[in-house]
Amino acid sequence: MVLEKIKDNYYFRSFVELCEYSIEASNYLSSMVSDFRHDELQRYKKEIHVIEHTADDERRKVLSNLYKEFITPIEREDIMAILSAIDDVTDAIEDVALRIYMYDVKELRPEMKQFTKVIGKCVASLKALLEEFSHYKKSTKLKELILEVLHLEEECDAIYSESVHRIFTTESDPIKLFIWEDLFLRLENCCDACGFVSEQIESALFKNL
């Protein structure tokens, strides 16, 4: 009986563990922004990729186990969708650092700290949601936690719209306009990805309750 319970909880624990890579990537991006050095772009790119690559390896291990299972605690398709959505969060965060490297950005705009702060809060809220998800049959907090992630996604949307407006009203260099509009969009995508995970969880709840 105990073994069966551990087996059932494996996927819920895996969701949380994969989200921890998103948190690690978010913390790395925040640290990079706080103490940015143009001559460290190559290192930034390599180090955040290690986090993303490790997360990918862990996701594949979980999927390998899933392929062998006959009975799962929630529907197989929901497990796969949630695993993929969490992985997308880490990918989105890595993508910001990668684009900064690709565009050879020499100096960061102050809006970056606004974005990384809300991204950090968003992934932390997502982890809290995933930790509670294993209690989905009895939990009274899941709806509130889902809404918290979505609220932070909206907060990031507001930062995005104001940042794009500011860049178009203060910057005349077309190359910088292109670079920063794209970077702001990719920063927003990090919170959008968190919101998508919460939507996948909400969808799974309706099907599995």
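The values are calculated or read from the model by the stated rules, or taken from the named source; none is laboratory data. From a predicted model like this one, the values you see are computed outputs, not experimental measurements. Here the Cβ positions follow ideal geometry from the backbone for every residue, glycine too, while neighbour counts run over all protein chains shown.
Points worth noting:
- Residue in the stretch 197-207 that is more than 17 Å from the chain's Cα centre (by Cα), among the basic types (Lys, Arg) and closer than 30 Å to Tyr11 by Cα present: yes
- Restricting the stretch 101-137 to residues that are without any contact (Cβ under 8 Å) to a residue 40 or more places away in the chain and within 13 Å of Ile201 (Cβ to Cβ), the residue that is nearest to the chain's Cα centre (by Cα): Ala128
- The single residue among Glu153, Glu162 that is charged (D, E, K, R) and within 16 Å of Phe196 (Cβ to Cβ) turns out to be Glu153.
- When residues of the stretch 79-100 are limited to those that are surrounded by fewer than 20 Cβ atoms within 10 Å (Cβ to Cβ) and more than 21 Å from Phe36 (Cα to Cα), the one nearest to the chain's Cα centre (by Cα): Asp88
- Restricting the stretch 121-161 to residues that are of a type in the set (Gly, Ala, Ser) and not in a helix (DSSP H, G or I), the residue that is surrounded by the most Cβ atoms within 10 Å (Cβ to Cβ): Ser134
- Going through (1) within 21 Å of the chain's Cα centre (by Cα); (2) at pLDDT below 95 one by one, Glu47 falls short only on (2).
- Residue match in the stretch 168-182 (condition: of a type in the set (D, E, K, R), without any contact (Cβ under 8 Å) to a residue 12 or more places away in the chain, under 22 Å from Asp78 (Cβ atoms) and in a helix (DSSP H, G or I)): no
- For Leu98, the test of being within 20 Å of Val16 (Cβ to Cβ), of a type in the set (A, V, I, L, M) and in contact with a helix residue (DSSP H, G or I) (Cβ under 7 Å, 6 or more places away or on another chain) is failed.
- Among the conditions (1) under 20 Å from the mean Cα position of the chain (by Cα); (2) buried (at least 22 other Cβ atoms within 10 Å of the Cβ), the only one that Trp180 does not satisfy is (1).
- When Ile71, Ile79, Ile48 are screened for being touching a residue at least 12 places away in the same chain (Cβ under 8 Å) and more than 23 Å from Lys121 (Cβ to Cβ), only Ile79 passes.
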